[in-house]
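The values are calculated or read from the model by the stated rules, or taken from the named source; none is laboratory data. None of the values given here were measured: they were computed from a predicted structure. Cβ sites come from the backbone with ideal geometry, for glycine too, and all protein chains shown count toward neighbours.
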Amino acid sequence: MKYTLRQLEVFLAVAHHSNITRAAESLAMSQSAASGALRDLEAQFDIRLFDRVGKRLQINELGRLLRPKAMALVEQARQLQQDMTRHDGVGELHIGATLTIGNYLAVNLMARYMERYPQAKLDLQVANTSAIVSRVANFELDVGLIEGEVQHPDLEIIPWLQDELMLFAAPGDPLAGRWPLSDSDLKSARWIVREQGSGTRQAFDRALHGLLPDLNIVLELEQSEAIKRAVAAGLGIGCLSHIALRDEFRREALVPLRAGGRDFSRQLYLIVNKHKYRSAGISRWLELCQQLEQED
């Protein structure tokens, strides 16, 4: 075999960092060793995987073509090493979740997973849909749990749970006693909503199509809890997943609103990179998520 797994690791690290020094640091190697490994890999096959622009190494067309295959091969090798070392099929798993899922569903899933596989290690990253999609596509995350609809050639997108957004207000808000709200009510309201790029905002914009230019959006916030506090303080009305509002509705700290003729339903999704090796840990995590779907 003309190449080594270490050479492939260096290639992937440089592709990620676009810099040989940072790539070497991420692999706990010296810069000269990393440079030599990449140079030897290219020389053995008489190819160039990067365009050199000053100190920056920009992956080229051939590098982009080979990168998913190299990533899959390295992942399989790592999984094999874990299986031989730990004598089980479950190792470290990097999960990404959008904010609503991360705050209200993912922790319960992680607890169930670790109860079944006590030797497992889980890492959870919480961000909005666009960020999670980017990280899964770039092999930084093993699985993504997202709220927004996406299309990406490198991702397998698996329908998961059905969800619904809810409009809500403080109990003393003038709109709290109106049922359902008219389009005029919606346009006269002060809105506190999620930021652009989030799945919640995507579903909100779709549900209120035709009214968006006339809506008075006074705040765009990244955190559901901040939106709920702002609405409870009487700053306006909001729109979040019913998953995030169950406790407040039960305590009557916030009250639901309804907009006539508007569809606030949406689909939640699981995403994995099509080119990523489907390890035992990834497969078992997906199975656990699907079991939650059946319970729901």
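Annotations for the structure displayed:
- For the stretch 1-10, a tally of residues being over 25 Å from the mean Cα position of the chain (by Cα) and not in a loop (DSSP other than H, G, I, E, B) returns 5.
- Gly199 falls short on exactly one of the conditions (1) crowded, with 20+ Cβ neighbours inside 10 Å; (2) free of Cβ contacts under 8 Å to residues at least 60 places away in the same chain; (3) in contact with an Asp or Glu (Cβ under 6 Å, 6 or more places away or on another chain), and that condition is (2).
- Among the residues listed as Ile227, Ile271, Ile243, the single one being crowded, with 17+ Cβ neighbours inside 10 Å, in the same structural domain as Leu122 (by TED's automatic domain parsing) and among the aliphatic types (A, V, I, L, M): Ile271
- Residue check for Leu155: touching a residue at least 60 places away in the same chain (Cβ under 8 Å) and not assigned by TED's automatic domain parsing to the domain that holds Cys289: no
- Checking each residue in the stretch 175-207 for being of a type outside the set (A, V, I, L, M), more than 20 Å from Glu147 (Cα to Cα) and in a helix (DSSP H, G or I) picks out Gly177, Asp183, Ser184, Asp185, Lys187, Ser188.
- The set of residues in the stretch 1-36 being over 20 Å from Glu140 (Cβ atoms) and charged (D, E, K, R) consists of Lys2, Arg6.
- Residue count for the stretch 145-166, restricted to those that are more than 23 Å from Glu195 (Cα to Cα) and out of contact with any Phe, Trp or Tyr (no Cβ under 7 Å at 6 or more places or on another chain): 4
- For the stretch 20-115, the helices (runs of 4 or more DSSP H) that sit wholly inside it and include 2 or more residues that are within 27 Å of the chain's Cα centre (by Cα) are 20-26, 61-86, 99-104.
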